[in-house]
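One structure is given below, encoded as structure tokens.
The values are calculated or read from the model by the stated rules, or taken from the named source; none is laboratory data. From a predicted model like this one, the values you see are computed outputs, not experimental measurements. Ideal geometry is used to build each Cβ from the backbone, glycine not excepted, and the neighbour counts take in all protein chains shown.
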Amino acid sequence: MRVGIIAGIVVAVLAIVVCLVPLKEVAYAVTADYQDTETYYENEPYEDVETYTETVPLDYEVVDSGINIEGQTATVSVIVRNVDDLAGAFTVELTVIYGCTFITPGRIQATSVFASDEEELYLKPNKTGTATYSADNPYSGNCGFDSWSYDVTPDTKEVERERTVTKYREVEKQRMVIRQRQETRHKKVTLLDYLLHHH
């Protein structure tokens, strides 16, 4: 009987060992992080020299100007020199201003009367031209010479200029990112666990 008890104990211990000690290898899936290199594109600024065309007036100078009054006639003149490297037209506007006083019964009216004209001078580089305008007194009995003026409008030309501008270009870059993937791993389980969950 004692032998039977001992044999039963041995069998029980062997059963416990078999069921609890890791003996069987099984596979299982896990989500694992890993580092990866990612390519991306970014707009990056850079400076560039750009050529553009601009319209500018011709260079000139007024050499002399003046007025000459003879009787009731005022004659103004302007001498213009083209100091540019291109030939062109120079429009000269000449104006004579008369101050006038008109008297009527019960009223005195003071006003200004303008007389003007334009003359176009076509000048080659470094050449001069004279614009002249004579204005008669419109109301000699009521008006007297007051002042005069002139205005020069030069021709224009196209010139090339340069300027620094900011532009953008697409640049390829790389960076490290964390990604995830499914991996199969293996572990040892007890025979009991294998029979209950993996069989």
Seminar exercise, completed: Conditions (1) surrounded by 11 or more Cβ atoms within 10 Å (Cβ to Cβ); (2) modelled with pLDDT of 90 or more; (3) assigned to a strand (DSSP E or B); (4) not polar (S, T, N, Q) -> Gly66 fails only (1)
For this session: List every residue pair whose Cβ atoms sit under 6 Å apart, with the two residues 6 or more apart in sequence or on different chains, where the first one lies in segment 116-135 and is surrounded by 14 or more Cβ atoms within 10 Å (Cβ to Cβ) and the second, anywhere, is of a type in the set (Asp, Glu) and part of a strand (DSSP E or B).
Result: Ala131/Glu119; Tyr133/Asp117
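For segment 128-137, indicate whether the set of residues that are in contact with a strand residue (DSSP E or B) (Cβ under 9 Å, 6 or more places away or on another chain) and assigned to a loop (DSSP other than H, G, I, E, B) is non-empty.
As a first pass, look at segment 128-137 and keep what is in contact with a strand residue (DSSP E or B) (Cβ under 9 Å, 6 or more places away or on another chain): 128-137.
Narrowing further to those that are assigned to a loop (DSSP other than H, G, I, E, B): 137.
Looking for residues that are in contact with a strand residue (DSSP E or B) (Cβ under 9 Å, 6 or more places away or on another chain) and assigned to a loop (DSSP other than H, G, I, E, B), one finds at least one in segment 128-137, hence yes.
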Problem set entry | Residues of segment 120-138 satisfying the condition of being under 42 Å from the mean Cα position of the chain (by Cα) and either closer than 17 Å to Asp151 by Cβ or not assigned by TED's automatic domain parsing to the domain that holds Val80 (or both) | Glu120, Leu121, Leu123
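Closer than 22 Å to Thr75 by Cα and either assigned to a strand (DSSP E or B) or not aliphatic (A, V, I, L, M) (or both): is that true of Phe102 in this structure?
On the way: closer than 22 Å to Thr75 by Cα: no; either assigned to a strand (DSSP E or B) or not aliphatic (A, V, I, L, M) (or both): yes.
Criteria not met by Phe102.
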